[in-house]
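Undergrad: Here you go, one structure.
The values are calculated or read from the model by the stated rules, or taken from the named source; none is laboratory data. Just so it is clear, the structure is predicted and the values come from calculations on it, not from any experiment. Heads up, the Cβs are rebuilt from the backbone with ideal geometry, glycines too, and the neighbour counts pull from every protein chain shown. Note: accessible area is taken over every heavy atom of the protein model, side chains too, but ligands, DNA and RNA are not part of it. Shrake-Rupley method; radii C 1.70, N 1.55, O 1.52, S 1.80 Å.
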Amino acid sequence: MEEKFTLPDTVGFDKEKNALVIIDQSQLPNKTEMLYLNTIEQVHRAIYLLKVRGAPAIGVAAGYGLYIAALDIETEDREEFDRKLALARDYLAGARPTAVNLGWAVKRMYAVVKNNPALSVEELKKKLYQEAVNIHEEDIAMCLKIGEYGLSLLKDEMGILTHCNAGWLATSKYGTALAPLHLGKERGMNFHVYADETRPILQGGRLTAYELAKHGIDVTVICDNMASQVMKNGWVQAVLVGADRIAANGDTANKIGTNGVAILAKYYGIPFYVLAPYSTVDLECADGSQIKIEQRPGSEVREMWYRESMITEEAKIFNPAFDVTPQELITAIITDKGIVYPPFKEGIAALKGDE
Ligand code: MRU
């Protein structure tokens with residue numbers, strides 16, 4: 001009998017309150033607070049402040065966010081409605097630039113508007129709600145498929161290193177990089193996970209450790225500069241990470257520090273796997289040099305988790321939220337459509353053909 005693990009839904013929608021419901025991830029692990037957001041400005045702010053974060057979860061939140069924007073447009077005139085919703089789409093897409101899922105989700109929502117010119121505003125709002133639900137439900141199914149493919153590459157008792165949080169909290173359920181670990185645990189397998197703390201927002205220390213420990217998975221948090229030591233000690237047999245955008249050639253943007261982990265994995269001969277839904281692939285982006293990297297405020301580095309500022313105001317801060325791992329450091333990209341091995345350009349294009 002499989003033991004089912006569950007956490008509160010990372011993202012959901014309350015139909016009675018017409019509100020996007022999220023766990024406020026900025027307060028985890030000390031406080032589990034659900035936030036009810038019913039304006040597009042609130043959704044935009046929650047995404048920017050990483051209250052809802054992780055590429056797929058941002059996509060799901062954005063789908064419901066655009067529906068909320070649609071509800072707030074008080075007109076029966078289709079032309080006016082379409083114009084106002086396009087403004088809302090562009091506003092929401094600007095909340096964070098790197099994760100492909102944000103732009104992808106609002107574009108997909110707006111396609112409903114474009115593809116149904118004959119519908120009344122009221123009928124269109126119903127269709128938009130259905131599309132947001134579809135994005136949400138598809139995300140759960142994708143995570144489960146990624147989990148199955150990922151699990152096929154792992155063995156019981158393996159040591160796994162992960163960076164940031166690409167888990168249950170970053171998606172609708174299960175996660176991408178952490179999905180094989182949750183599925184494996186449900187089937188009685190054991191893994192020993194090293195979670196990089198992930199400066200400066202501590203997604204690994206605060207979120208990955210929380211969700212794995214809640215599921216009874218053995219997890220050890222390390223500071224980011226300790227990864228080479230645990231690899232050298234022979235404690236890591238595979239690295240699993242998520243992705244915010246995968247270029248057509250396989251170059252992958254993910255949380256800052258991922259590239260460094262990939263370089264270490266190559267040095268120590270450890271397989272480095274990227275796990276993401278196929279919707280994270282951006283075929284319009286030829287390679288990693290075209291991926292826009294989000295820059296965040298220096299206060300996140302200088303003082304965010306400290307009682308007082310830890311860095312003199314005279315020093316500048318460089319705080320990119322993501323980096324790009326070149327495709328030659330990646331062993332395989334595990335998607336919901338299958339596993340892609342190098343050469344990635346051909347493999348990624350072939351999966352597109354399967355659609
Ligand atoms: O800044 P964040 O916390 O949104 O960054 C998240 C990551 O980099 C994740 O690894 C990525 O979005 C994949 S989540 C399944």
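Undergrad: Go through the stretch 228-241 and report how many residues are touching a strand residue (DSSP E or B) at 6+ places or on another chain (Cβ under 6 Å) and either within 12 Å of the ligand (Cβ to nearest atom) or not in a strand (DSSP E or B) (or both).
TA: Restricting attention to the stretch 228-241, the residues satisfying the condition of being touching a strand residue (DSSP E or B) at 6+ places or on another chain (Cβ under 6 Å) are 230, 235-241.
Restricting the remaining residues to those that are either within 12 Å of the ligand (Cβ to nearest atom) or not in a strand (DSSP E or B) (or both) gives 230, 235-237, 240-241.
Going through the stretch 228-241 one residue at a time, the tally reaches 6.
Undergrad: Can we say Ser152 is over 30 Å from Lys255 (Cα atoms) and among the small types (Gly, Ala, Ser)?
TA: It is false that Ser152 is over 30 Å from Lys255 (Cα atoms) and among the small types (Gly, Ala, Ser).
Undergrad: While we're looking at this one, here's another question. Please list, ordered by first then second residue, the pairs with beta carbon atoms under 8 Å, 6 or more apart or interchain, first in the stretch 288-312 and within 15 Å of Asp244 (Cβ to Cβ), second among the basic types (Lys, Arg).
TA: Pairs found: Ile291/Arg245; Glu294/Arg96.
Undergrad: Exactly one of these conditions fails for Gly260: (1) buried (at least 18 other Cβ atoms within 10 Å of the Cβ); (2) within 16 Å of the ligand (Cβ to nearest atom); (3) outside any loop (DSSP other than H, G, I, E, B). Give me its number.
TA: In the conditions (1) buried (at least 18 other Cβ atoms within 10 Å of the Cβ); (2) within 16 Å of the ligand (Cβ to nearest atom); (3) outside any loop (DSSP other than H, G, I, E, B), Gly260 misses (1) alone.
Undergrad: Let me ask something else about it. Considering only residues that are part of a loop (DSSP other than H, G, I, E, B), open to solvent by 60 Å² or more (accessible area, probe 1.4 Å) and not polar (S, T, N, Q), which ones fall in the stretch 36-59?
TA: Start the filter on the stretch 36-59 by keeping residues that are part of a loop (DSSP other than H, G, I, E, B), which leaves 38-39, 49-54.
From what's left, open to solvent by 60 Å² or more (accessible area, probe 1.4 Å): 38, 49.
Result: Leu49, single match.
Undergrad: Also: Which residues, counting only those in the stretch 31-60, are hydrophobic (A, V, I, L, M, F, W, C) and under 16 Å from Lys15 (Cβ atoms)?
TA: If the condition is that a residue be hydrophobic (A, V, I, L, M, F, W, C) and under 16 Å from Lys15 (Cβ atoms), then Met34, Leu37, Val60 are the ones that fit.
Undergrad: Same structure again: Residue by residue through the stretch 196-224, note down the ones that are part of a helix (DSSP H, G or I) and open to solvent by 30 Å² or more (accessible area, probe 1.4 Å).
TA: Tyr210, Ala213, Lys214, Asp224
Undergrad: Still on this structure, please answer the following. Considering only residues that are surrounded by 19 or more Cβ atoms within 10 Å (Cβ to Cβ) and assigned to a strand (DSSP E or B), which ones fall in the stretch 324-352?
TA: Within the stretch 324-352, Val324, Thr325, Ala332, Ile333, Ile334, Thr335, Val340 meet the criteria.
Undergrad: Scan the stretch 21-35 residue by residue and report those that are within 14 Å of the ligand (Cβ to nearest atom), part of a loop (DSSP other than H, G, I, E, B) and of a type outside the set (S, T, N, Q).
TA: Within the stretch 21-35, Asp24, Leu28 meet the criteria.
Undergrad: A further question follows. Scan the stretch 294-351 for residues that are among the basic types (Lys, Arg) and within 13 Å of the ligand (Cβ to nearest atom) and jot them down.
TA: Across the stretch 294-351, the qualifying residue is only Arg296.
Undergrad: Looking at the stretch 184-192, is at least one residue under 16 Å from the mean Cα position of the chain (by Cα) and open to solvent by less than 40 Å² (accessible area, probe 1.4 Å)?
TA: Taking every residue of the stretch 184-192 in turn, none turns out to be under 16 Å from the mean Cα position of the chain (by Cα) and open to solvent by less than 40 Å² (accessible area, probe 1.4 Å).
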